[in-house]
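Take a look at the structure below.
The values are calculated or read from the model by the stated rules, or taken from the named source; none is laboratory data. Since this is a predicted model, take the numbers as computed values, not measurements. Note that we place each Cβ from the backbone using ideal geometry, even for glycine, and neighbour counts take in every protein chain shown.
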Amino acid sequence: MSIKNSFSMIRLWVIVVLLGGVISACNLENAQEITLDWEPEILAPLVKGDLGILQQPSIDNIDFSIAIPASSLGLDIYTGIVPLVPAFGPIDTIQRNYTVTDNTNNIIFESVEIDSVTANVSFTNPFPVSLSAGMRIIFRNQGTTTGLITHVTTRDVGPNETYTFQERALNLILSANLEIALENVQSPGGTNLNFNNLSDLTMDINLQISPVNAIVFAPNVSASFETTDNFDLGLGNEAENLEGNLILKHNNQTPVNLTVQAYFLADDQTTIIDSLFQIPSPISAGDTATVTVSSSSLLNSLRNTKFIRFNTGFNTNGFTNSVRIEGSTQYDFQIIADVKVKLKN
C-alpha cells in the first residue's frame, strides 16, 4: 500500500487568509478593535493511496520448520551405546507436507504466480551417524512430481554438524500446499555410537517470494493487514473549530470484497485518537463509490493526530469458485476534507 499526504496546500491557504486580514486591518483609517470571526471553507485531499492485494505480507516471506524423526531413517531400533551400525541407504521415501497459512491458521491463497522464490534452509544433524553428501532436498506442490526447488548436499553432515544452503528458482506457480521430500539419504554407519537422548532432525525453512504476479484465492477465506504513515492536518494553532465532512472516495478494481478502516493515532503510534468509521466500511468487489462521514468531534480530533493507520481486510465469503487476481488490479482510495474552519481571534 502507498499513502500520500496533502497538507501543505491547506497550511499555505490559511497563512494567505491571515495575511490578507492583517493587510486589511492596517488600511483602516480609524483605529478600532476588530473581531475576526472568519469561517473559511476548505475542500482538499488529506490522504490518497492504493492497495494491491498482492502486497499481502503473509505471501512475501514464509517461515516454517519440518521434523524428520529417527524412525524415518530406521534408527529408532537402536538404544544406548551401539557397537556397530552398518551403512544404510539410499532412502527415497521421506516426505513432509506444509500448508501456508496466516497467523490465525487460515489458508491465504490456493496458489501464487511468482518471478522468483529463494529458499534458505538450515538443519543440524542430531543423529550419531553421518548423513552422506548427495542427499536431495526437494520442494514441490503437493500432488505433483515436478520439483520446484532442488538442492543436493555438497558434503557429509556429521553428528551435531549444521548444514545451510540457499537455492533460487524462477518463474513458477507455488501452491499453498507444499511437499518437502528428502531423497538419496545415505549414511556410512559407524562404531560405538551413542543413541541416548535421540531427537528429531529439525529443518528450518524460509521462503522469500518476489514479486507476486498473480494470486488465486479459495472461496470463503479472509485476511487483513495494516500500514501506518505520518499525518499532520497542517493548521497549527490557527483553527479553533472544524465542521463539515470527511469524504472517502474508493475504487475497488479487485474481484474480492474488502473492508477498510482508518485509525488516527497520537505521537506514540499506538494511542487511537479517533477512527474514520465506527465499524470497518465494507466495499464490494468491483465497487466504485463515495462515502461521507459527518462528525465534528472526528474533524477536531484530527488536529492532534500525528499518524494514520489503514487496516484493510479482504475476503471471498460467499464465493463458490476460486478467484484469480492479476498484479495490475488494486484498490484506490482518497480521503477528502470538506470542512469549515473557525479561526481564532
Restricting region 131-142 to residues that are part of a loop (DSSP other than H, G, I, E, B) and touching a strand residue (DSSP E or B) at 6+ places or on another chain (Cβ under 7 Å), the one farthest from Glu183 (Cα to Cα) turns out to be Gln142
In region 311-328, the residues that are assigned to a loop (DSSP other than H, G, I, E, B) and either more than 19 Å from the chain's Cα centre (by Cα) or buried (at least 17 other Cβ atoms within 10 Å of the Cβ) (or both):
Thr316, Asn317, Gly318, Phe319, Thr320, Asn321, Ser322
Any residue at all in region 102-115 that's touching a Ser or Thr at 6+ places or on another chain (Cβ under 7 Å), more than 16 Å from Glu183 (Cα to Cα) and at pLDDT 95 or above?
no
Kindly indicate which of Ile81, Ile108, Ile91, Ile66 is loosely packed, with under 14 Cβ neighbours inside 10 Å and either aliphatic (A, V, I, L, M) or assigned by TED's automatic domain parsing to the domain that holds Val256 (or both).
Ile81
Would you mind finding the one in Ile272, Ile308, Ile336 that is under 20 Å from the mean Cα position of the chain (by Cα) and not acidic (Asp, Glu)?
Ile308
